[in-house]
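Since the structure comes first, as structure tokens, the remarks are kept for the end.
What follows draws every value from the coordinates through simple rules; no lab data is involved. These numbers were taken from a predicted model, which means no experiment stands behind them. Heads up, the Cβs are rebuilt from the backbone with ideal geometry, glycines too, and the neighbour counts pull from every protein chain shown.
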Amino acid sequence: MLDWNFAALETIPMNPAANIIARLGGEAQVSFITGTAYTAPYRWQAARAKGGTGGVIPQRHHRRLIDHARANGIPLDAEEFLPASNKDEETPR
């Protein structure tokens, strides 16, 4: 199966959802693990402006994905679900 949704991924730098989904075997596998519709992992990778979550996997799915990764010897830490922080957005103290 080919993934033609790659254009949505190009708009989000440091997309944690895309990295995790790829590591766990793709969108179909992740939707099976999480019990979501097959379109959910695509939305997680899409920019918010395009109706996605901006590269963030909803927290309610983290535990299942981490448990699956551990059971299959795939390195995955909870910190990897967090979007990269942008130092330019930090307020000075």
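Put a plus charge on the Cβ of each Lys and Arg, a minus charge on the Cβ of each Asp and Glu, and nothing anywhere else: the dipole of region 6-76 about its Cα centre is then about 200 debye. For region 46-63, putting each phi into the Karplus relation 6.51 cos²θ - 1.76 cosθ + 1.60 with θ = phi - 60° gives couplings of 7, 5, 4, 4, 9, x, x, 9, x, x, 10, 7, x, 4, 4, 9, 4, 4 Hz, in residue order, rounded to whole numbers and with x for Gly and Pro. A convex hull fitted around the alpha carbon atoms of region 6-76 yields 77 Å³ per residue. For Ala46, the residues 5 or more places off, or on other chains, whose built amide H falls under 5 Å of its own are Thr53, Gly54, Gly55. The chymotrypsin sites (Phe, Trp or Tyr not before Pro) of region 10-87 that meet both conditions, a loop assignment by DSSP and at most 12 other Cβ atoms within 10 Å of the site Cβ, are Tyr38.
Taking the fewest neighbouring Cβ atoms within 10 Å as the starting point, the ordered list for Glu27, Glu79 is Glu79, Glu27.
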